[in-house]
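Written out below as structure tokens is the structure these notes cover.
Throughout, read-outs are computed from the coordinates displayed, never taken from laboratory work. Remember, it's a predicted structure, so these values are computed and weren't measured experimentally. Neighbour counts run over all protein chains shown; Cβ positions are idealised from the backbone, glycine included.
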Amino acid sequence: MVQKVEKSPKEWKEQLTPEQYHVAREKGTERAFTGEYHDNKQPGVYKCVCCGTELFRSDEKFDSGTGWPSFWAPAKAENVDTKSDRSLFMVRTEVLCAACDAHLGHVFNDGPALTGKRYCINSASLDFEKKA
Ligand SMILES: [Zn+2]
């Protein structure tokens, strides 16, 4: 079980940059190719910018050409939640941090072999920790 992390909007605002807060707590989307990690090829882990839960790894990252960090699987299935998202006149599957409900991005079914999944994630929701 993932331990839940709960904080008030005020506490999140104090901890995060305005961009991180908008994406992670208000379900925003950073503009393509503007994020810190879409082109990051270093080995390491991507943690939740809000609570530090390990969400994705460089091992599962691939270059989707979309301008957002893309992964074909999460680091651990139990660390991410998914939810049906019917905003913007589309049905998409939202990806959230299982511990603190941070909005991470969306998952699509056009990913590479092995899983066929493409987790399209905002850099602003992630904190990269380079492998030593
Ligand atoms: Zn989190």
Which of VAL23, VAL91, VAL107 has the fewest Cβ neighbours within 10 Å, and the rest in rising order: VAL91, VAL107, VAL23
Relative contact order, percent, the chain [alpha-carbon distance under 8 Å, six or more residues apart]: 29 percent
Amide hydrogen neighbours beyond the local backbone of PHE128, cut-off 5 Å, H modeled: LYS47
Descending semi-axes in Å of the stretch 26-89, equivalent ellipsoid built from Cα gyration tensor: 19, 17, 12
Integer Hz, Karplus 6.51/-1.76/1.60 couplings in order for the stretch 56-61, x for Gly and Pro: 9, 10, 4, 4, 9, 7
Phi-based couplings in Hz for the stretch 94-102 (Karplus 6.51, -1.76, 1.60; Gly and Pro marked x): 6, 10, 10, 5, 5, 7, 10, 6, 4
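By counting other Cβ atoms within 10 Å of each Cβ, how are MET90, MET1 ranked from fewest to most?
Ordered by Cβ neighbours within 10 Å, fewest first: MET1, MET90.
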All-pairs alpha carbon distance profile, the chain, 5 Å steps from 0, percent: 2, 11, 21, 25, 22, 12, 4, 1, 0
Whole-Hz couplings from phi, Karplus 6.51/-1.76/1.60, listed for the stretch 104-113; x for Gly and Pro: 9, x, 9, 10, 10, 9, 10, x, x, 3
